[in-house]
Amino acid sequence: MALKSWLVSANDPQCEFPLANLPWGVFRSGGEARIGVALGDRVLDLRACAENGLLAGLNANLLDACRAPLLNDLMALGYDCWHELRAHVTGLLEEGPPGSTRSRVEPLLLPINKLEMQLPARIGDYTDFYSSIHHATRVGRRFRPDNPLLPNYKYIPIGYHGRVSSIVVSGTPVRRPCGQIKQHDAPPVFLHTRALDYELEVGAFVGPGNHQGEPIRIATANRQIFGLCLLNDWSARDIQAWEYQPLGPFLSKSFATTISPWIVPLEALEPYRVAAAERPPGDPAPLPYLTSLADALDAFDVTLEVHLQSKQMREAGMAPICISRGNLRDLYWTIAQLIAHHAGNGCNLRPGDLLATGTISGPNPGSEGCLLEKQSDGEALRLPTGETRKFLEDGDSVLFRAWAEKPGLPRIGFGTCTGTVVPSDQHTTR
Ligand code: CA
């Protein structure tokens, strides 16, 4: 039986943010950044709750963390504190007898549509992985038709260190980047990309982290996850093709990464944890440091969608169309494995670090997590205006959505992760 809130919008079955979700985010109000949790069509101002005595009884560290302008301090406190705070906030918002705290809480709920959201944490390090075997296979096949996966893929969660400075919050325009592009036998030229792509990914924010030199065991890795968000790792494929060997992607990725503003707590996703996808017969078993307990539910049943709207569609009043749908459970490597691998050499992860899964693609047509993969079948994407797309054009908006659902349980939504492509700065084109 799902908990009900006295806030009516939170009980709508289609609502993204029911009482069971309570995702964390940071919004700006009066020039200040403040921590909030989303509920229905509102956001509860946690700093105001702390200042109005509504968090009385919580420990002093938690109270301080709720007054902070970013989520790092809360992330550092760990799972038990997150649980304690969520339980307390749930109590404030839960339907209850008259005379409860409702009259004191209600003025601290702000309309979600009116708020300016910002990056939720000071992100120290950002690591991008490559954990979808369906993505790796389709992309690999373009270059090596007979042998799409490199020999390390089934042993190592492949990753690279990304760029933090260009991570932006959903809604920020993305400028078409320039870079070195090499075509055929001609020498490379410095031009704006003509192969701009999105990558549908999920980001995991790290909680307490580990001390340098002390690995994180896979059995405790999920306890390190503060929560999940949506992430678009924008990519310039023509720049990537020329620069990526031998050290991996660089400027083809570092110009922008968009994340959704709301971080869905792992606790809200508990009912949607599932066993990781079984490895096909013949695949090697993961090495012991990457092997979860047999009954571990380390994957998450979360539906993910990509929507696209061209400028022409927007001007004609047409809604974005869904161009692919996948599921977070389809990954070859779980997020717990990514964490255990990342810290396996003693590398210290810190509160607010961001790990991304890599493009999430499913096995079937229609579940490709980027445009590059969609081209495998040779047909360009067709839009309702009659336009076609191989890659993104200026004015295109890309929108990700995600949710977990199950009969009898409330729908846990992620909100949206959007960005619109704006033309390259022509002055830089030379
Ligand atoms: Ca990526």
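Brief remarks follow.
- Hydrodynamic radius by Kirkwood, which averages 1/r over all alpha carbon pairs of the stretch 194-278, in angstrom: 15.5
- Kyte-Doolittle mean at least -0.5, axial Cα span of 20 Å or more - DSSP H helices of the chain: 79-93
- Charge tally in the Cβ shell below 14 Å around H342, where Lys, Arg are +1 and Asp, Glu are -1, H342 excluded: -2
- The stretch 204-247: radius of gyration and largest Cα-Cα distance (Dmax), Å: 16.3, 40
- Amide hydrogen proximity for F300: with H placed 1.01 Å from N in the peptide plane, the residues at 5 or more positions away or on another chain lying under 5 Å are V274, R329.
- Cα lying deepest toward the dipole's positive end in the chain, options Q212, P246, C49, charges on Cβ: P246
- For A319 and E94, the difference between the fully extended length at 0.36 nm per residue and the C-alpha to C-alpha distance is 77.5 nm.
- Using the Cβ of N61 as centre and a radius below 13 Å, the other residues enclosed give a net charge of -3, where K and R count +1 and D and E count -1.
- Extents of the stretch 125-179, taken as max minus min of Cα coordinates on every principal axis and listed largest first, are 39, 24, 20 Å.
- Label-reachable residues, the stretch 201-230, where backbone N falls under 16 Å from a point 7 Å from I156's Cα toward its Cβ: none
- Of interest is the spacing of the C-alpha centroids, which for the stretch 181-212 and the stretch 382-418 amounts to 20 Å.
- Karplus (6.51, -1.76, 1.60) ³J(HN,Hα), θ = phi - 60°, over the stretch 385-395, in Hz, Gly and Pro reported as x: 7, x, 5, 10, 9, 9, 10, 6, 9, 4, x
- Under Karplus coefficients 6.51, -1.76 and 1.60, residue-wise ³J(HN,Hα) of the stretch 354-361 in Hz, glycine/proline x: 10, 10, 10, 5, x, 3, 9, 10
- When the Cα gyration tensor is reduced to axis lengths a ≥ b ≥ c, the ratio a/c is 1.5 or higher for the stretch 277-394, and with a/b above b/c it is classed as prolate.
- The chain - mean residue ellipticity at 222 nm from DSSP helices (-39,500 (n - 2.57) per run, n ≥ 4, rounded to 500): -4500 deg cm²/dmol
- Cα centroid of the stretch 268-328 to Cα centroid of the stretch 54-102, whole Å: 30
- For the stretch 1-102: rounded, prolate or oblate by the Cα gyration tensor [a/c cutoff 1.5]: prolate
- Pairs beyond 23 Å (Cα-Cα), from K182/K311; K311/K390; K182/K390; K154/K390: K182/K311; K154/K390
- Residues in the stretch 407-424 carry Karplus couplings, in order, of x, x, 10, x, 7, 9, x, 9, x, 10, 10, 10, x, 10, 7, 10, x, 5 Hz; the curve used is 6.51 cos²θ - 1.76 cosθ + 1.60 with θ = phi - 60°, and Gly or Pro positions show x.
- Debye intensity ratio in log₁₀ form over the Cα atoms of the stretch 342-393, taken at each q of 0.26, 0.31 Å⁻¹: -1.05, -1.24
- Prolate/oblate/rounded label for the stretch 233-290 (Cα gyration tensor, a/c 1.5): oblate
- Based on every Cα atom in the stretch 331-430, Rg and the maximum pairwise Cα distance Dmax equal 18.6, 58 Å.
- If the convex hull is drawn through the Cα atoms of the stretch 214-343, its volume per residue in Å³: 184
- Radius of gyration and Dmax over the Cα atoms of the chain, both given in Å: 21.8, 77
- Taking all protein chains together and rolling a 1.4 Å probe, Y79 ends up with roughly 50 Å² accessible.
- For V274, the accessible surface of its heavy atoms amounts to roughly 30 Å² (probe 1.4 Å, protein chains only, rounded to the nearest 10).
- The stretch 94-212 pair-distance distribution - Cα-Cα, 5 Å bins, rounded %: 2, 6, 10, 12, 14, 15, 12, 9, 6, 5, 4, 3, 2, 1, 0, 0
- Binning the alpha carbon pair distances of the stretch 45-118 at 5 angstrom intervals from zero yields the distribution 3, 15, 25, 24, 20, 11, 3, 0, expressed in whole percent.
- Charge dipole (the chain, unit charges on Cβ, about Cα centre) - positive-most of I133, T172, S367: T172
- √(5λ) per eigenvalue of the Cα gyration tensor, the stretch 72-114, largest first, Å: 24, 16, 7
- The equivalent ellipsoid that matches the C-alpha gyration tensor of the stretch 270-336 spans semi-axes of 37, 13, 9 angstrom, in descending order.
- FRET efficiency for the A2 to Q245 pair, using the beta carbon distance and R₀ = 45 Å, is estimated at 0.30.
- For the stretch 61-161, projected area of the alpha-carbon convex hull averaged over all directions, nm²: 11.3
The values are calculated or read from the model by the stated rules, or taken from the named source; none is laboratory data. These figures come from a predicted structure and were not determined experimentally. Counting neighbours? That spans all protein chains shown, and the Cβs are built from the backbone with ideal geometry, glycine included. When the accessible area is computed, the model is the full protein with side chains, heavy atoms only, and any ligands, DNA or RNA have been set aside. Shrake-Rupley method; radii C 1.70, N 1.55, O 1.52, S 1.80 Å.
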